[in-house]
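Here is the structure we will look at, set down as C-alpha cells.
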Amino acid sequence: MKGAVDLQGLPPADMPEVAFWGRSNVGKSSLINALTNRRQLARASGEPGRTRELNFFNLGGEIRLVDLPGYGFAKAPKKTAQVWTRLTEAFLKGRPNLKRVYLLVDARHGLKQTDTVMMDGLDEAAVSYQIVLTKADKLKTAEQDRITATTLGQLAKRPAAYPEIIATSSTKKTGLDDLRDAIAAFTTE
Ligand code: GTP
Ligand code: MG
C-alpha cells in the first residue's frame, strides 16, 4: 500500500488500476475493506472527509485498488477540499493504466447534483465509470430495484458510463462477488 498527496507521489503506472470515487461518507473505504476481506486496510470512518490522500492497494501484484478522497464534504475547509478534488481529477484524467472508476452512490439517495458534475467531467475526459450503489442493506429489494432503474435512466445519454449498476452492502457483504468479478476481468485483458 502507498499513499499519495501529490502527483509526484503516485506509484509507477505499471499495472491495471480501478478507482473508487464518490461523495464523502458514501462508503468507499468500507467497500475496499469488504472486497479485500480486511477490516481496516482502508481507513473507514463515520466522520466525513476521512480519506485525505490517494491510497493504493496492491492485490496480488496484478491490480491496484485506489481509494480516493470523497467530494461534496461541506464541512472541510473550502481550500482543502479544492486541493483534494484537484489532485483527484488530475489523477483520474491523466492515469494511463486506470481501467475504470467505480462511482459510489448511496442507495438511499441516488445521484446527487455533485455526482452529475463529476460524471460530466468523466464523460468529457472519456474516463470509463460504473455506478455502484452502497449501503443497500438500508433498503428493501423493491426499493433497490426502483433506484437502480431510475439511476440507469439517468445514465442513458452519458458516453463513458457503463450501463450496468451493481448494488452492494459492505456491512451485509452483498454484491461483492459481482464487483470482484467485474474487477477481475481487467487483470486478464
Ligand atoms: P470519505 O473517506 O470521508 O470520503 O468516506 P468514505 O466514502 O470512504 O466512507 P467510509 O467507508 O469511511 O464509510 C462512511 C460511513 O458509512 C461509516 O460510518 C461506515 O460504517 C458506513 N458504511 C459504509 N458502508 C456501509 C454499508 O454498506 N452499510 C451501512 N449500513 N453502512 C455503511
Ligand atoms: Mg474514505
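Structure notes:
- Among (1) modelled with pLDDT of 90 or more; (2) surrounded by fewer than 21 Cβ atoms within 10 Å (Cβ to Cβ); (3) within 9 Å of ligand 1 (Cβ to nearest atom); (4) within 22 Å of G94 (Cα to Cα) - the single one N33 does not satisfy: (4)
- Checking K93, K99, K79 one by one, the residue that is more than 10 Å from ligand 2 (Cβ to nearest atom) and either farther than 22 Å from A161 by Cβ or hydroxyl-bearing (S, T, Y) (or both) is K79 and no other.
- Test for L87: is it near ligand 1 (Cβ under 9 Å from one of its atoms), under 18 Å from the mean Cα position of the chain (by Cα) and either not small (G, A, S) or not in a strand (DSSP E or B) (or both): no
- Selection of first residues in region 23-41 that are closer than 16 Å to A167 by Cα and outside any helix (DSSP H, G or I) and of second residues that are near ligand 2 (Cβ under 10 Å from one of its atoms) and of a type in the set (D, E), restricted to Cβ pairs under 6 Å at least 6 apart or on distinct chains, gives an empty result.
- Residue match in region 54-66 (condition: of a type outside the set (A, V, I, L, M, F, W, C), more than 11 Å from ligand 2 (Cβ to nearest atom), part of a loop (DSSP other than H, G, I, E, B) and surrounded by 18 or more Cβ atoms within 10 Å (Cβ to Cβ)): no
- Selection count, region 1-22, where residues are assigned to a loop (DSSP other than H, G, I, E, B) and among the aromatic types (F, W, Y): 0
- Checklist (1) closer than 17 Å to G27 by Cα; (2) in a helix (DSSP H, G or I) applied to T80, failing item: (1)
- Region 1-37, subset acidic (D, E) and over 16 Å from the mean Cα position of the chain (by Cα), residue farthest from ligand 2 (Cβ to nearest atom): D14
- The single condition from (1) within 13 Å of ligand 2 (Cβ to nearest atom); (2) at pLDDT below 85; (3) among the polar types (S, T, N, Q); (4) in contact with a Pro (Cβ under 9 Å, 6 or more places away or on another chain) that Q40 fails is (4).
- Residue count for region 134-189, restricted to those that are within 16 Å of ligand 2 (Cβ to nearest atom) and farther than 25 Å from E62 by Cβ: 2
The values are calculated or read from the model by the stated rules, or taken from the named source; none is laboratory data. All values derive from a computational prediction rather than experimental measurement. Heads up, the Cβs are rebuilt from the backbone with ideal geometry, glycines too, and the neighbour counts pull from every protein chain shown.
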